1. If I filter region 87-136 down to residues being of a type in the set (Val, Ile, Thr) and within 22 Å of Asp227 (Cβ to Cβ), which single residue comes out as surrounded by the most Cβ atoms within 10 Å (Cβ to Cβ)?
2. Of everything in region 1-40 that's more than 14 Å from Ile265 (Cα to Cα) and in contact (Cβ under 8 Å) with a residue 40 or more places away in the chain, which residue is surrounded by the most Cβ atoms within 10 Å (Cβ to Cβ)?
3. Criterion first (part of a helix (DSSP H, G or I), in contact (Cβ under 8 Å) with a residue 60 or more places away in the chain and out of contact with any strand residue (DSSP E or B) (no Cβ under 9 Å at 6 or more places or on another chain)) does Thr80 satisfy it?
4. Could you tell me whether Tyr146 is on the phi > 0 side of the Ramachandran plot and of a type outside the set (Val, Ile, Thr)?
5. In region 41-68, what residues are on the phi < 0 side of the Ramachandran plot, without any contact (Cβ under 8 Å) to a residue 40 or more places away in the chain and in contact with a Ser or Thr (Cβ under 9 Å, 6 or more places away or on another chain)?
6. For region 112-147, what are the residues that are assigned to a helix (DSSP H, G or I), closer than 15 Å to Ala160 by Cβ and of a type in the set (Gly, Ala, Ser)?
7. Out of all the residues in region 26-52, which are assigned to a loop (DSSP other than H, G, I, E, B) and β-branched (Val, Ile, Thr)?
8. Return the residue satisfying two criteria in turn: it lies in region 91-111 and is modelled with pLDDT under 90 and touching a Leu at 6+ places or on another chain (Cβ under 8 Å), and of such residues it is farthest from Leu241 (Cα to Cα).
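The values are calculated or read from the model by the stated rules, or taken from the named source; none is laboratory data. This is a predicted model, so every value here is computed, not measured. Neighbour counts run over all protein chains shown; Cβ positions are idealised from the backbone, glycine included.
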Amino acid sequence: MSRRALYLFAAPALALYGGFFLLPAVQGLRYATTDWDGYSPAFHDVGAANLTAVVSNDDLFRNALTNNLKFLLVVVLGQTALALLLAVLLAARGRGSTWLRALFFLPTVLSSVSVAFIWKFVYDPNFGLANAVLDAAGLDRFESSYLGDESTAILWVAVAQIWFHAGQMMIVYIAGINQIPEELYDAARTDGAGRWQQFRHVTWPMVAPATALVVAYTTLQSFKAFDLILGLAGNPPRSGLDVLATRIYSTFANSQLGYAAAESIVFMAAIAVVTFLQNRAARMAHG
């Protein structure tokens, strides 16, 4: 196929990409330097005032960033660990493991609204499943208001997020584990390695590429968390549940499109920094 034909085939996709991503991105950069409310035909240039305010003076944005980083840390660590544990336990082929894989993968096919509804029932302080289980087990002293506690609410949302997507990441790990040559385990067993030593010296190093993929994908998921949080917290979210995506949405809904565009730029910068640090750490970990 000639190069000209390749360009012709790629042209529709490039046009859609340019029209629905590049052009809005450029417009967003432009609007970030204005006081446009999103409706009025007239607006004024304010230079870097919006960006300066977001970075230095916006307590609401700073609170949302803090919540997002807490959410990110818990979800990345919890989801990666749970997905790897499930994969190690269910990697062996068999009828039982197949059904269990399907069971743990099931939450992934649900909508965010459905997941939010399920976990609102679990976390309900009066009639919820979590407190009912604790009460039945005689552990009522550990009962909590969950989403009603501003200091820990975002962590309980993180638990729901982990439940939502751990099955999807489990499949990634199972694919990685199934690529490990059986000869490596045979050699480890010959050397007297137990299950823990086999995991530590064979499985864990060999699934490093899968771990990098899981961590990167989970990080992006955590930064883009919006619909699940909105479903659990309501609109607008309370201070303890406000993250960057919901903060930008609230700003836009308050007819501050120029300021919301500036928040979006800082948001993208935060994602870029975290992604860079992750990639750097991954390269250092693997030599």
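1. Val115
2. Here the answer is Trp36.
3. Taking the combined requirement at face value, the residue satisfies it.
4. Criteria met by Tyr146.
5. Selection gives His44, Asp45, Ala48, Ala49.
6. Ser112, Ser114, Ala116, Ala130
7. Thr33, Val46, listed by residue number.
8. Ser97
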